[in-house]
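Notes to accompany the following structure.
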Amino acid sequence: MHPIVLLILRLAAIGVLAVVLQVSAVSQLTIFGTNADVIPLVVAFVGLLAGSVNAAAFGFAVGIFIDTALVGTLGLSSLVYVALGYGAGRLRELRDPQSSLVPLALGAGASAAAAFGFALMQFLLGAEAPVSFELIRQLVVATLVSTLLALPVYAGVRRGLLSVLPDDPRRRRRRAYTTGGMSPLSRS
Amino acid sequence: MHDKTIRRRRAVLLGLVVGSLLLLTAYFGESAGGGLHAVQRGVSGVLSPVQEGASRALKPVRDGVGWVGDTFAAKGENEQLTADLAQARQIKADVNALTRENVELRRMLDMNERLQIQDMGLVPARVISRSPNVINQVIKINRGSSDGVRPGQPVVTGSGLVGTVDTVGSNFSVVKLVTDADFGAGAKVSEGGVTGVVRPAAGAPRELRMDYTEATDDVRKGATLVTSGTSDPRFPSPFPPDVLIGKVTEVEDPGSDSQVIHVRPFVDVRDVNFVEVITRMQPGRS
């Protein structure tokens with residue numbers, strides 16, 4: 001089977017699994033008075049591992065799926081997740097960060113960006129929700145709780161995508177070093 | 001090649017953003033029965049059984065995580081409830097103390113009415129300390145000479161005779177209890193009128209005995225002793241008449257001159273909180 005088709009199938013499986021888990025389990029768990037959201041984490045980590053275009057498309061599809069499953073405003077989640085996936089993908093393409101803390105930092109950033117993006121979209125769409133201290137507290141706590149889930153979610157996404165990624169930078173670099181060659185990134 | 005990649009990437013991004021915006025616009029623009037809404041409802045209807053199945057399948061996971069969260073919440077709740085319980089216990093203790101005080105005060109009022117001693121310059125007082133000594137049995141009250149209290153004045157409660165004032169300060173007094181080794185009072189059996197003198201029983205700190213009775217005096221177990229008293233100004237008594245003293249518990253050698261009558265005082269001297277000092281033995285006179 002063509003590698004691109006394999007990647008699409010894996011991304012579809014990850015997306016469906018993430019949305020089902022989010023809707024059926026994670027969103028029904030109250031932690032510190034709020035709910036975690038793993039979808040921004042999954043979209044951001046897909047961007048980190050599979051690139052901006054793949055992640056943007058993945059975010060678009062997951063957004064439509066989750067809006068449909070929850071009978072939400074169609075297109076709203078897609079818009080937020082497209083931006084999130086694309087941004088995470090560009091981070092990998094431009095910086096290629098290697099620190100083991102990158103998933104944690106990216107998870108925190110993605111959760112906060114998603115929360116801010118949804119709040120902004122709701123505001124633009126005319127939702128009358130006053131910005132209160134309680135609302136800000138909920139957003140901060142939700143971001144922190146989601147950040148706690150960043151590492152296991154990253155491990156899961158990486159495990160799901162590792163075998164079908166056409167060009168994983170770490171594997172490529174490790175292969176180059178062990179064979180005595182230069183990393184393609186170090187040459188560029 | 002590089003430019004082509006960039007153009008493709010930007011085109012995809014633009015397409016996705018435009019697609020999202022189109023979806024949003026179309027979704028908002030149509031009515032609830034519109035095409036997008038209908039499709040959404042249809043897909044959601046198809047997904048519902050999947051969601052329900054997943055929800056049931058993942059229930060143990062939710063329960064497990066919820067149990068952990070509940071455990072932490074219960075720990076905090078436990079601390080709060082422990083604090084509430086301590087507060088409730090304190091309130092209960094306060095209520096019990098107030099109830100006891102209320103009973104004591106009501107008894108005192110009843111006694112005042114029964115003995116008609118309201119006009120005898122009654123000075124209510126609170127017990128502020130007790131002597132731990134079983135021989136020298138005294139209590140300290142919060143009324144003194146500035147309230148008209150003088151040595152020798154009788155002290156009573158609703159349950160009966162407590163003792164007499166022994167020492168007086170300006171704002172306190174020491175009361176010698178009926179069970180003190182030096183106490184003595186004229187008494188009579190309320191049922192038959194037998195008179196005698198009540199004193200503490202030697203070697204039995206919580207007991208009294210009635211002396212100076214005659215062999216012909218018939219005193220039965222269970223009889224009630226009251227102060228004999230007198231209202232005759234020629235022979236003033238330190239106690240008003242008919243103040244309860246105690247109950248006869250035993251009569252040794254009955255019918256003899258050496259008969260000994262054992263009496264248990266009505267007033268539990270260890271549990272007295274309020275007393276009244278009778279400052280005028282003659283109504284209207286000090």
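The values are calculated or read from the model by the stated rules, or taken from the named source; none is laboratory data. If you're wondering where the values come from, they're calculated on a predicted model, not measured in any experiment. Cβ coordinates were reconstructed from backbone atoms using ideal geometry, including for glycine residues, and neighbour counts include every protein chain displayed. Ligands, DNA and RNA are stripped out before the accessible areas are found, and what is left, the full protein with its side chains, is counted by its heavy atoms. Shrake-Rupley method; radii C 1.70, N 1.55, O 1.52, S 1.80 Å.
Only one of B:Asp84, B:Asp119, B:Asp166 is open to solvent by 30 Å² or more (accessible area, probe 1.4 Å), within 18 Å of B:Ser237 (Cα to Cα) and not in a loop (DSSP other than H, G, I, E, B). Can you tell me which?
Working: B:Asp84 fails: within 18 Å of B:Ser237 (Cα to Cα); B:Asp119 fails: not in a loop (DSSP other than H, G, I, E, B).
So the residue among B:Asp84, B:Asp119, B:Asp166 that is open to solvent by 30 Å² or more (accessible area, probe 1.4 Å), within 18 Å of B:Ser237 (Cα to Cα) and not in a loop (DSSP other than H, G, I, E, B) is B:Asp166.
Testing A:Ser132 on (1) at pLDDT 75 or above; (2) exposed (fewer than 12 other Cβ atoms within 10 Å of the Cβ), one condition comes back false. Which one is that?
The number of the failed condition is (1).
Residues to consider are B:Arg41, B:Arg100, B:Arg89, B:Arg126; find the one that is exposed (fewer than 15 other Cβ atoms within 10 Å of the Cβ), not acidic (Asp, Glu) and not in a helix (DSSP H, G or I).
Criteria check complete, one pass: B:Arg126.
Do any helices (runs of 4 or more DSSP H) entirely within the stretch A:9-97 hold 3 or more residues that are at the interface with chain B (Cβ under 9 Å from one of its Cβ atoms) and open to solvent by 10 Å² or more (accessible area, probe 1.4 Å), and if so, which? Even if it seems obvious, please write down each step before you answer.
Values: elements: A:39-50, A:52-69, A:76-94.
Those helices (runs of 4 or more DSSP H) span A:52-69, A:76-94.
For the stretch A:78-109, name all the residues that are modelled with pLDDT of 90 or more and hydroxyl-bearing (Ser, Thr, Tyr).
A:Ser78, A:Tyr81, A:Tyr86
Exactly one of (1) surrounded by 11 or more Cβ atoms within 10 Å (Cβ to Cβ); (2) modelled with pLDDT under 85; (3) more than 58 Å from the chain's Cα centre (by Cα); (4) more than 7 Å from chain A (Cβ to nearest Cβ) is unmet by B:Pro49. Its number?
The failed condition is (1).
From the list B:Gln137, B:Gln116, which residue is within 30 Å of B:Asp218 (Cβ to Cβ) and modelled with pLDDT under 85?
B:Gln116 is the lone residue from the list that is within 30 Å of B:Asp218 (Cβ to Cβ) and modelled with pLDDT under 85.
Quickly run through the stretch B:1-24 and pick out the residues that are at the interface with chain A (Cβ under 8 Å from one of its Cβ atoms) and either open to solvent by 70 Å² or more (accessible area, probe 1.4 Å) or not polar (S, T, N, Q) (or both).
Result: B:Arg8, B:Arg9, B:Val12, B:Leu13, B:Leu16, B:Val17, B:Gly19, B:Leu21, B:Leu22, B:Leu23, B:Leu24.
Away from every other protein chain (no Cβ under 14 Å) and without any contact (Cβ under 8 Å) to a residue 24 or more places away in the chain, is that true of A:Pro103?
Criteria not met by A:Pro103.
Yes/no matrix, rows are residues, columns are (1) out of contact with any Ser or Thr (no Cβ under 8 Å at 6 or more places or on another chain); (2) not small (Gly, Ala, Ser):
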{"position": "A:Leu48", "(1), (2)": "yes, yes"}
{"position": "A:Val71", "(1), (2)": "no, yes"}
{"position": "A:Tyr81", "(1), (2)": "yes, yes"}
{"position": "A:Ala113", "(1), (2)": "yes, no"}
{"position": "A:Ala142", "(1), (2)": "no, no"}
{"position": "A:Val145", "(1), (2)": "no, yes"}
{"position": "A:Leu149", "(1), (2)": "yes, yes"}
